[in-house]
Amino acid sequence: MQLTQGLLKRTVNKLLLPLGVQVIMAERLKEITSKSSRAELIQRFFDCDEFTNSARLWLIQELDSSKSQIQQDLIALMITNQISKGYFVEFGAASGKSGSNTYLLEKKYGWNGIVAEPARVYRTDLHQWRSCHIDYRCVYSSSGIEVDFLESKTSMLSTILGYENQDSLSKDRKISRLYKVQTVSLNDLLSEYNAPKHINYMSVDTEGTELEILSKLNFQKYSFDFLSIEHNSAIQEYAIEELMNVNGYVRVLRSFSRFDSWFVPKDYEVGKWLVESRVSKSKSGPE
């Protein structure tokens, strides 16, 4: 079959040659696309003025180990100087591996923490991939409320019913199924799992409810080295940044973070984690 396909491809390419068109087999197209995407991402490292050359080199070396959509896990490691035994909080966590902002931290660097995800479609995956605390409630502004949860056909876009049109992805958020879920506030989630008062990294991605959740967080009790907060709309982006500024955090890597807003404490030496002394020797990664 492979010989027939190869012969067919060569024959068609020969016929199309005068037109400047070429047939590419699916496997080869996938390889080319993958290399193209990687090249585009590496170019983004160089386009961002906040990265030093040594930071760019480390990011490129570690790129294949990242599970995050836009390398949030690698940025968290840079900011925390690749500490071992750190602590993370991630909600919504989706499958816990693909697209996860904390899988790498747990499996390669020995971090512990909490992942929360109310979408039922991800429960089997979370149990398979994660060893940290797993909570299936919906993180919200208050605890103990039963809300309608919209599990989207594109599972990562699932959210509380009523928030599906709050961002720029509403047209992609088609209903797969609707069911009731229990809520838990971020304060209660952290308290119930005895999270430390200082958390190294928190990832917030709830498809529209991020601002409402964070506005109820006790910033006097809990502090963070790094927070990545999805916004997906200009209005929410501005409001989140204003809230974080009031609570002592400043935004970094604005041009690189795209649909996320990334924050570190105002008194943090922002440039320090981008110089060579902050980038230590790479360790072996998870499978």
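The values are calculated or read from the model by the stated rules, or taken from the named source; none is laboratory data. Since the structure is predicted, the reported quantities are computational estimates derived from the model, not experimental observations. No Cβ is skipped: glycine too gets one built from the backbone with ideal geometry, and neighbour counts run over all protein chains shown.
Laid out as a table, the results:
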| item | result |
| --- | --- |
| Hey, K67 of a type in the set (K, R), part of a loop (DSSP other than H, G, I, E, B) and over 18 Å from V252 (Cβ atoms) or not | yes |
| Residue pairs meeting the criteria (Cβ under 7 Å; at least 6 apart or on separate chains; first within 14 Å of L74 (Cα to Cα), in the stretch 106-120; second part of a strand (DSSP E or B)) | W111/Y87; W111/F88 |
| Residue in the stretch 214-242 that is surrounded by the most Cβ atoms within 10 Å (Cβ to Cβ), counting only those that are farther than 21 Å from V184 by Cα and in contact with a helix residue (DSSP H, G or I) (Cβ under 8 Å, 6 or more places away or on another chain) | F226 |
| Residue list for the stretch 66-94, restricted to those being in contact (Cβ under 8 Å) with a residue 40 or more places away in the chain, of a type outside the set (A, V, I, L, M, F, W, C) and touching a helix residue (DSSP H, G or I) at 6+ places or on another chain (Cβ under 6 Å) | N81 |
| Looking only at the stretch 132-144, and only at residues there that are closer than 13 Å to D188 by Cα and hydrophobic (A, V, I, L, M, F, W, C), the one that is surrounded by the most Cβ atoms within 10 Å (Cβ to Cβ) | C138 |
| Subset of the stretch 102-131 [crowded, with 16+ Cβ neighbours inside 10 Å and among the polar types (S, T, N, Q)] | T102, N112 |
| Hits in the stretch 76-110 - residues which are over 15 Å from the mean Cα position of the chain (by Cα) and under 16 Å from L190 (Cα atoms) | G86, Y87 |
| Top-ranked residue of the stretch 257-281 - restricted to ones that are in a loop (DSSP other than H, G, I, E, B) and either basic (K, R) or modelled with pLDDT of 80 or more (or both), ranked as surrounded by the most Cβ atoms within 10 Å (Cβ to Cβ) | S257 |
| Criterion: more than 27 Å from Y268 (Cα to Cα) and under 19 Å from the mean Cα position of the chain (by Cα) - qualifying residue of T209, T183 | T209 |
| Filter result for N232 (touching a Phe, Trp or Tyr at 6+ places or on another chain (Cβ under 9 Å) and either within 24 Å of L161 (Cα to Cα) or at pLDDT below 95 (or both)) | yes |
